[in-house]
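Take a look at the structure set out below.
The values are calculated or read from the model by the stated rules, or taken from the named source; none is laboratory data. Values in this document were obtained by computation on a predicted structure and should not be read as measured data. So basically every Cβ, Gly included, is an ideal-geometry build from the backbone, and we count neighbours across all protein chains shown.
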């Protein structure tokens, strides 16, 4: 079969009829401008996504003005970018392939197609039909992603809105161009032409995807399989762990602070991932609030101790089975109202405690009590006993700690690697670190034993490694 | 310019620009990743507390006392020391021994007893529970019991010991905590060593009644020690 040649007009007398050149010019300019604008927004979004491939935290653009509004803190753009909907193939590629890359490819293709028709100045009906069909793709994606953004992520991203508006612009331009195109309908438009143009579009997406896959930095396989460090012991002798909704798979521990925004975001990412069902997840509470946590000097998350106490109260302080639902209800509520709760606690922690008791009457009589305070201290001392870093969130799969840099965009990739057969084997070969050094207690052998008094227990046998102290 | 040239020219521009952008972003990310991998990561590790009052001298003394009193993790701690042993290990005068605990003004509680009694009243029980639940990052819970100089020395020594044991028994009953045996150290001082002066009446006490030098020594001094020794 002869490959189609685009230089050949669809109708034999195409070149002899100057149809539609003026009427379609304006709408085609709109389509080109929309494509370029959409391309710029998509490029900014891709750039923001790709800068995170260095596993660091970066400022990202969040403005309707292309290139403006770069900020480091929390924003709708960050929430959307970190959501599982921002990229595909996350379990195979670290971070996945960003959907904005495909948007960039699509807008580049549309700019090329619309630009070509504008330049040539005499589009055929088939060409404007194809352009209209091609611009329907970003329109369709706008509807889908607009819905996901509002309904699933709960945030809107200004850069994304820029892409949506550009999509509308190119579609409207293509629609008007097609409507105003007075060229006669081809009697039998070549299927080959459509296939060629479609192939070009697919080619744009494929070439950029391949470029991305080849050029992006690869993940360190060792840390992906085994993580960054291990627990001394994943045991829970003081029953401080609270079960979290998950599956019945590999035991995993999430060290979290109920008022920590990063923990909330991490929990959402984990919940959205199908991999959560392959974990049997438990939480260790580690509030970054000096009210109860001596390891922090600043109140990073005021009120976190009170909310943690409430979760422990709701879960039950005994060493028996925990009330998973009651504890998780408080966690969900705390995640949902984090900012307000932190503000309230910063002003008056007592007010937060009252709010907790009113919202969850089950914790009355327990919250603020000596038993729950002691339990929360045990939870913090679990962290000490395992010598883990003072930060939240942290995820331990089995006893292996997922690297911090893998806990956002790389979550699915790393978790799938850790849970793979290869990961299980690699993790099983890891040796736990030594117990954090205990205080060097001196020998008591040098101290003369008085004969009169009776000790409550036998003295310790002398340890030859212990420091000798002068009597 | 013919149509083929137009087409290929536009196509090349449209595809090459994104390719260059994506390649350069990926390359920059890769370069930064390499640099950050070689940089040392400075993250604090969870640890027990080591308060500013824990001077090297204080730590050395606490280490001696703690070692001699069996406060060894994993050992049979909480067995207590005898008056003479504590004095020898600390190698301090009574006043110097008491001075050790002065930085603990806000952490310590003084549990008061009736004359010749070892029973805890409800306020004493509540105060002990409050003190215990405020462990935070501390490693050792000291119970230093005393008796006033009323009565015979032998009787007071036994009284002091029973007061210390009373505190431990209450904690065991209330909290059923396995760590108790590794964290609670009992020192019963009798009447002949380290009697408290009436300046300790201003500390957190289990009783709000009037306080004299005699009454403040019918007591058990309880406190978590925030020193990583």
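Some values worked out for this structure:
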| item | result |
| --- | --- |
| All helices (runs of 4 or more DSSP H) inside region A:48-150 with 2 or more residues being within 14 Å of chain B (Cβ to nearest Cβ) | A:99-120, A:125-147 |
| Test result for residue A:426, modelled with pLDDT of 90 or more, part of a helix (DSSP H, G or I) and either surrounded by fewer than 15 Cβ atoms within 10 Å (Cβ to Cβ) or within 12 Å of chain B (Cβ to nearest Cβ) (or both) | no |
| Any hit, region A:306-317, residues being more than 15 Å from residue A:357 (Cα to Cα), at pLDDT below 95 and within 24 Å of the chain's Cα centre (by Cα) | no |
| Residues that are away from chain B (no Cβ under 14 Å) and free of Cβ contacts under 8 Å to residues at least 24 places away in the same chain, drawn from region A:272-296 | A:274 |
| Identity of the residue in region A:223-234, out of contact with any strand residue (DSSP E or B) (no Cβ under 7 Å at 6 or more places or on another chain) and away from chain B (no Cβ under 12 Å), that ends up farthest from residue A:95 (Cα to Cα) | A:233 |
| Residue in region A:235-244 that is within 14 Å of chain B (Cβ to nearest Cβ), modelled with pLDDT of 90 or more, touching a helix residue (DSSP H, G or I) at 6+ places or on another chain (Cβ under 8 Å) and not in a loop (DSSP other than H, G, I, E, B) present | no |
| Any hit, region A:308-315, residues being assigned to a loop (DSSP other than H, G, I, E, B), within 14 Å of chain B (Cβ to nearest Cβ), crowded, with 17+ Cβ neighbours inside 10 Å and touching a residue at least 60 places away in the same chain (Cβ under 8 Å) | no |
| Output for region A:181-222, where each listed residue is assigned to a helix (DSSP H, G or I), farther than 23 Å from residue B:7 by Cα and away from chain B (no Cβ under 14 Å) | none |
| Residue count for region A:25-47, restricted to those that are within 14 Å of residue B:21 (Cβ to Cβ) and surrounded by 23 or more Cβ atoms within 10 Å (Cβ to Cβ) | 7 |
| Yes/no for residue A:171 being away from chain B (no Cβ under 14 Å), part of a helix (DSSP H, G or I), more than 26 Å from the chain's Cα centre (by Cα) and surrounded by fewer than 20 Cβ atoms within 10 Å (Cβ to Cβ) | no |
| Some residue of region A:58-71 being buried (at least 20 other Cβ atoms within 10 Å of the Cβ), assigned by TED's automatic domain parsing to the domain that holds residue A:198, at pLDDT 85 or above and touching a helix residue (DSSP H, G or I) at 6+ places or on another chain (Cβ under 9 Å) | no |
| Answer from A:100, A:124 - the residue that is closer than 30 Å to residue A:417 by Cα and surrounded by 23 or more Cβ atoms within 10 Å (Cβ to Cβ) | A:100 |
| Number of the exception - residue B:25 against (1) more than 7 Å from every other protein chain (Cβ to nearest Cβ); (2) at pLDDT 60 or above; (3) at negative phi; (4) out of contact with any strand residue (DSSP E or B) (no Cβ under 8 Å at 6 or more places or on another chain) | (1) |
| Number of positions in region A:345-392 that are within 14 Å of another protein chain (Cβ to nearest Cβ), over 32 Å from the mean Cα position of the chain (by Cα) and not in a helix (DSSP H, G or I) | 4 |
| Candidates B:200, B:221, filtered to the one that is more than 13 Å from chain A (Cβ to nearest Cβ), touching a strand residue (DSSP E or B) at 6+ places or on another chain (Cβ under 8 Å) and over 30 Å from residue A:317 (Cβ atoms) | B:200 |
| In region A:235-253, the residues that are within 19 Å of residue A:377 (Cα to Cα), in contact with a strand residue (DSSP E or B) (Cβ under 7 Å, 6 or more places away or on another chain) and surrounded by fewer than 19 Cβ atoms within 10 Å (Cβ to Cβ) | A:243 |
| Check on residue A:270, buried (at least 18 other Cβ atoms within 10 Å of the Cβ), under 19 Å from residue A:405 (Cβ atoms) and touching a helix residue (DSSP H, G or I) at 6+ places or on another chain (Cβ under 7 Å) | yes |
| Hits in region B:117-144 - residues which are modelled with pLDDT of 90 or more and away from every other protein chain (no Cβ under 13 Å) | B:117, B:118, B:119, B:120, B:121, B:122, B:123, B:124 |
